[in-house]
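First up is the structure itself, then whatever we jot down about it.
The values are calculated or read from the model by the stated rules, or taken from the named source; none is laboratory data. Note that the coordinates shown come from a computational prediction; the quantities given were computed from them, not determined experimentally. When the accessible area is computed, the model is the full protein with side chains, heavy atoms only, and any ligands, DNA or RNA have been set aside. Shrake-Rupley method; radii C 1.70, N 1.55, O 1.52, S 1.80 Å.
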Amino acid sequence: MNMFWDESENYFTNPQPVTDTMIKKTEDLLGYKLPKSYMDLIKIRNGGTPINTCFPTASPTSWAEDHIAISSINGIGGEWGIDTDSGSQFMIQEWGYPDIGIVLCSTPSGGHDAVMLDYSKCGNNGEPRVIHVDVEDFENPNITFLAENFDAFISGLVNEDLFNDE
């Protein structure tokens, strides 16, 4: 995991080390238990841009025929945290994402799509799956399944050089 994060300060959520108290407050605020693999990741670095920013898909998305791209994985606190005024709850209300979990990753589209933890099948305390949500059509958001859990999602991220996005 030490080689997971890009060294840039882009989307770096909060320089303070993540504590169990911060995690508990975030879970209470959002109403969902955060996945252990996510908590482990943000304890290393509290959000930012990973080195590998693409996730292959079996079907086309609004981003590409064969993958999605992310700009960041959001941590907690600071400017970009999932628990802040511009975090997950704001994104769900402002952009019309389905209210089924936590908006966790921002994308290059600037809000038109996002990666979410989806608790709709596991309940608020279960292990959420990871989905990509495109809200270009506000009436019918397009949901693409990405991974069974957050650990599988971060393990499946690949470098953008694998795709020819001309």
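Here are a few things to note about the model shown:
- Contact order for the chain, expressed relative to its length and based on alpha carbon pairs under 8 Å spaced 6+ residues apart, stands at 21 percent.
- Overall size of the stretch 50-146 from C-alpha positions, given as principal axis extents largest first: 33, 29, 26 Å.
- The chain: translational diffusion in µm²/s, Stokes-Einstein, Kirkwood Rh over Cα pairs, 37 °C, 0.692 mPa s: 208
- Within the stretch 104-159, antiparallel bridges make up roughly 100 percent of the DSSP beta bridges whose residues both belong there.
- Rolling a 1.4 Å probe over the protein heavy atoms gives the stretch 46-117 an accessible area of 37 Å² per residue.
- Projected onto planes of every orientation and averaged, the convex hull of the alpha-carbon atoms in the stretch 103-153 covers 3.7 nm².
- Partner aspartates and glutamates for residue 24 [C-alpha distance under 12 Å; skip if fewer than 8 residues away on the same chain]: 83
- Length gained when the stretch residue 94-residue 58 is fully extended (0.36 nm per residue, less Cα-Cα span): 10.1 nm
- For the stretch 1-85, fraction of C-alpha pairs farther apart than 15 Å, in %: 60
- Centroid-to-centroid, using Cα positions, the stretch 11-79 and the stretch 113-149 are 14 Å apart.
- Percent accessible area from carbon and sulfur atoms, the chain, protein chains only, probe 1.4 Å: 49
- Compactness relative to 2.2 N^0.38 Å, alpha carbon Rg of the stretch 58-114: 1.15
- Remark on residue 76: its backbone amide H falls under 5 Å from those of 82, a criterion applied only to residues 5 or more positions apart or on other chains, H modelled at 1.01 Å from N.
- Theoretical ellipticity at 222 nm over the chain - DSSP helices of four or more residues, -39500 (n - 2.57) apiece, nearest 500: -6000 deg cm²/dmol
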